[in-house]
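Asks: Input: one structure, supplied below.
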Amino acid sequence: MYAIIETGGKQYRVSEGDIVTIEKLESQDPVTFEKVLMITDGDKVTCGNPFIGSASVTADIVGHGKGEKVLVFKQKVRKNHRKLRGHRQQYTSVKIKSIQVS
């Protein structure tokens, strides 16, 4: 059984026991995701329009961290103008406990 959830403007395919890296959340334990787009249980597929109202996914927070550094380099031709900026996106790791469908 797996589900597709939406959080932080992105969609993730999760199943029970998975550890998923998502956009940073405030520390509240456990976390419940209400925006469930699709649930698959064997051959039975349930799709939402856009979300399944009676479904939810619960997870425990494992930890917080920062991703790899992304460098952004800008240069203007023949102007001797250069700019180098770095960015490290913050994330939260969650472990999926259960997928409920009512």
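Read the figures in this text as sums done on the coordinates, not as results from a lab. Remember, predicted model here, so these are calculated numbers, not experimental data. Neighbour counts are summed over all protein chains in view; Cβ atoms, including those assigned to glycine, are modelled from backbone coordinates with ideal geometry.
Asks: Please specify each residue of the range 36-82 satisfying the condition of being β-branched (Val, Ile, Thr), part of a strand (DSSP E or B) and surrounded by 13 or more Cβ atoms within 10 Å (Cβ to Cβ). Break it down stepwise before answering.
Replies: Restricting attention to the range 36-82, the residues satisfying the condition of being β-branched (Val, Ile, Thr) are 36, 39-40, 45-46, 52, 57-58, 61-62, 70, 72, 77.
Retained after the next criterion (residues that are part of a strand (DSSP E or B)): 36, 39-40, 45-46, 57-58, 61-62, 70, 72.
Within the range 36-82, Val36, Ile39, Thr40, Thr46, Val57, Thr58, Ile61, Val62 qualify.
Asks: Residue check, Tyr91 against (1) free of Cβ contacts under 8 Å to residues at least 24 places away in the same chain; (2) surrounded by 11 or more Cβ atoms within 10 Å (Cβ to Cβ), all met but one. Which one?
Replies: Exception for Tyr91: condition (1).
Asks: Considering only the range 54-63, I want to know if a residue exists there that is acidic (Asp, Glu) and over 22 Å from Ser27 (Cβ atoms).
Replies: Checking the range 54-63: not a single residue is acidic (Asp, Glu) and over 22 Å from Ser27 (Cβ atoms).
Asks: Here's something else I'd like to know. Can you pull out every residue in the range 63-88 that is closer than 30 Å to Glu16 by Cβ and either free of Cβ contacts under 8 Å to residues at least 12 places away in the same chain or of a type in the set (Gly, Ala, Ser) (or both)?
Replies: Once the filter is applied, which keeps residues that are closer than 30 Å to Glu16 by Cβ and either free of Cβ contacts under 8 Å to residues at least 12 places away in the same chain or of a type in the set (Gly, Ala, Ser) (or both), the range 63-88 yields Gly63, Gly65, Gly67.
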